[in-house]
Structures are given as C-alpha cells and as structure tokens.
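Structure, as structure tokens:
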Amino acid sequence: MDRRTLLCGLLALTAGGAGLTACGASSPTRRPGVGSARPGDRVAGLADVPVGSGALVDVAGDGQLLLVRPSDEVVRAFNPACPHQGTTVSPPTAGVITCPTHRSTFDPDSGEVLSGPSPRGLVEVPVAVTGADVVLS
Ligand code: FES
C-alpha cells in the first residue's frame, strides 16, 4: 500500500466516507479542492485570472484551486494536486499545465495527462463566470 492509498483510507475512516472524491471515491456532497465551499461561492475575480494562462487561488476553508482561462469568457478549474504525488501544479504556460516535481504535463482544456508519471488527469471542479467573478457552480 502506497502512502496516498494509506492516507485516503485513513480519511475514509475519519470522515465516514465523505469528502473523498480526490482519493478516487465518489461523493455527492464534496468536490475536490473545494471542501466546505458551496455552489455560488466566489473563488476569484475574473481579472485575477490572466487570459491564456491561469492562477492558483485560495478557496476559503479548503486549500486551492487552479483556474485556467483559455479565452476571455471561459474559465475552468481543477484540483491542483498532482495525481502522482500531490505536488501543486503550476498555472499553464505555453498551453500546458506542468507539475514542478516530476514534470507531468496536463491539458488545460480537459486536465488529461499529456506526459510524465501521473497515473491520471487533474480533477475538474465546476465553476462559472458571473459578471466579474468566478464562482463555484
Ligand atoms: S508529483 Fe507531479 S509528477 Fe510527480
């Protein structure tokens, strides 16, 4: 059993099975990267997310999200924890999200793995643009 599997198992025991989407289990009440936040909660100002790149933002009560903005009106969000060993990935540069630890790369449109040791892609978190804000949806 690797460290991640052990940690996810311990979380399952302490959380009663809730909140484990990031560990591979499904949960209708908690989404990866946004623990206690709820739909409609503001996570950033649209102006804080550069077009053609993105930004890591703190979400009140539960870590960070990686926001990616491929065009003026489109913003996507991912849990920034690399599925390989949990390093926080960097906002996209030259059209690619990169993990600084072992250089896995991910598609900023889908979160899919493009290269490197990551066993799977980044987990997307639903967000929407509402006026000048990015909110959970
Ligand atoms: S921790 Fe990201 S590639 Fe290893």
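Read-outs throughout are calculated quantities, based only on the coordinates presented, and are distinct from any laboratory measurement. Note that the structure is a prediction, hence the values are computed from the model and not measured. In this analysis, Cβ positions are derived from the backbone assuming ideal geometry, glycine residues included, and neighbour counts consider all displayed protein chains.
Odds and ends about this structure:
- Cα centroid of region 38-53 to Cα centroid of region 65-105, whole Å: 14 Å
- For GLY121, distant residues with modelled amide H under 5 Å away: VAL113
- Per-peptide average of other Cβ atoms within 10 Å, ordering 61-69, 128-136 highest first: 61-69, 128-136
- Computed from backbone phi, the HN-Hα couplings of region 62-67 come to 6, x, 10, 10, 9, 9 Hz, rounded to whole numbers (Karplus: 6.51 cos²θ - 1.76 cosθ + 1.60, θ = phi - 60°; Gly and Pro given as x).
- Length available on full extension from ASP48 to ARG120: 0.36 nm per residue minus the Cα-Cα distance, which gives 23.1 nm.
- Pairwise label distance in nanometres, ASP41 with THR101, each label 7 Å out on the Cα-Cβ vector: 2.4 nm
- Each residue of region 42-49 was assigned a 3J(HN,Hα) from its phi angle through the Karplus curve 6.51 cos²θ - 1.76 cosθ + 1.60 (θ = phi - 60°); the sequence is 6, 10, 5, x, 4, 5, 7, 10 Hz, with glycine and proline shown as x.
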